[in-house]
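To start, the structure under review is shown below, and the notes come after it.
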Amino acid sequence: MLICISQKRGFFWIRGGTISSNSLVLLQRRDIPQAADVFAEQFMEDPLYIFILPDRHTRLNVLRIFFRNYLDMLYPYSDLYASSSQLEAVMLVFYSEKFGSSRLAQLNYVRRIIVAIIKSLPACKYIGVKGFLRGVSILRNMSSAWLSMLEDRPYAHMDMLVVQQQYRGTGVVTKMIMPLIDECASNDLACTLETQNPNNVPLYGRYGFELVDTIKMPDSELEQYCMVFNR
């Protein structure tokens, strides 16, 4: 499949510095549909989305709708990286300094959430209104609100990272994570992430992330593991 992606390589701009890498691609807004499809396909067996969408036959269609609107919602505050133009791996990183702390910034973010929810309503075709509202409620409980523990320290939050099945075990995770870790360390940014997959905890631990909190989803066995880089 041919994918049209911006080939802007070398420098990814964030306030306070750049993430420099000759092998990563900074995706643009027009690349969101392709990136969303990769996220949807690779999160098919993720515990969180299995819990939200137990019917496997409709899960992929709903995830495609969700991720397209989720990425668009966070785009002004985040950078979307790919390992190459082939999207072997895709990573979304949210920067607190892009978000801002004013009341207006917070209201604008709420507005973007509402718009994303409205744009995701076509998912009701597959899961019904009740299923849609249930999914919104679960995602609200499994949010990144725990980042408030960082108080005023700026951070880069690795919101999502996926590697396509055929490229796992080839060093792509290291290729994606290490430039982010290095830049956070050199610019005194906290580097954070969360996962609902317990198998990911030791994986991220090998890169220096420590588990700082575990949030249990009400009425389920699902847990969110909150991690901060500390090395």
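The values are calculated or read from the model by the stated rules, or taken from the named source; none is laboratory data. Just so you know, these numbers come straight off a predicted model, no measurement behind them. So basically every Cβ, Gly included, is an ideal-geometry build from the backbone, and we count neighbours across all protein chains shown. Only protein heavy atoms, including side chains, enter the accessible area calculation; ligands, DNA and RNA are left aside. Shrake-Rupley method; radii C 1.70, N 1.55, O 1.52, S 1.80 Å.
Quick notes
Here is a yes/no grid of residues against (1) touching a Lys or Arg at 6+ places or on another chain (Cβ under 9 Å); (2) over 30 Å from SER101 (Cβ atoms); (3) among the aliphatic types (A, V, I, L, M); (4) surrounded by fewer than 19 Cβ atoms within 10 Å (Cβ to Cβ):
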site	(1), (2), (3), (4)
ILE52	yes, yes, yes, no
ARG59	no, yes, no, no
PHE67	no, no, no, no
MET73	yes, no, yes, no
PRO76	yes, no, no, yes
TYR81	no, no, no, no
SER85	no, yes, no, yes
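- Selection status of MET149, touching a Leu at 6+ places or on another chain (Cβ under 7 Å) and either over 28 Å from SER85 (Cβ atoms) or touching a residue at least 40 places away in the same chain (Cβ under 8 Å) (or both): no
- Enumeration of residues in segment 152-182 that are open to solvent by 20 Å² or more (accessible area, probe 1.4 Å), closer than 18 Å to LEU27 by Cα and touching a Leu at 6+ places or on another chain (Cβ under 6 Å): ASP159
- In segment 132-146, the residues that are of a type outside the set (Phe, Trp, Tyr) and touching a residue at least 24 places away in the same chain (Cβ under 8 Å): ARG134, GLY135, ILE138, LEU139, ASN141, MET142, SER144
- Scanning segment 104-140 for residues that are hydroxyl-bearing (Ser, Thr, Tyr) and open to solvent by less than 50 Å² (accessible area, probe 1.4 Å) yields one hit, SER120.
- Residue pairs whose Cβ atoms lie under 9 Å apart, sitting 6 or more positions apart in sequence or on different chains, and linking a residue in segment 65-83 that is more than 10 Å from ILE32 (Cβ to Cβ) and free of Cβ contacts under 8 Å to residues at least 60 places away in the same chain to a partner that is open to solvent by 20 Å² or more (accessible area, probe 1.4 Å) and not in a helix (DSSP H, G or I), are TYR77/PHE94; TYR77/GLY100.
- Of the criteria (1) at positive phi; (2) touching a helix residue (DSSP H, G or I) at 6+ places or on another chain (Cβ under 9 Å); (3) not β-branched (Val, Ile, Thr), which one GLY169 fails: (2)
- The set of residues from segment 97-108 being touching a helix residue (DSSP H, G or I) at 6+ places or on another chain (Cβ under 8 Å) and touching a residue at least 24 places away in the same chain (Cβ under 8 Å) comprises just one member, LYS98.
- Test: residue in segment 81-94 that is under 19 Å from the mean Cα position of the chain (by Cα) and part of a helix (DSSP H, G or I): no
- When residues in segment 141-151 are screened for being open to solvent by less than 50 Å² (accessible area, probe 1.4 Å) and small (Gly, Ala, Ser), 2 of them pass.
- Selection status of LEU48, within 20 Å of ASN141 (Cβ to Cβ), open to solvent by less than 10 Å² (accessible area, probe 1.4 Å) and either basic (Lys, Arg) or touching a residue at least 24 places away in the same chain (Cβ under 8 Å) (or both): yes
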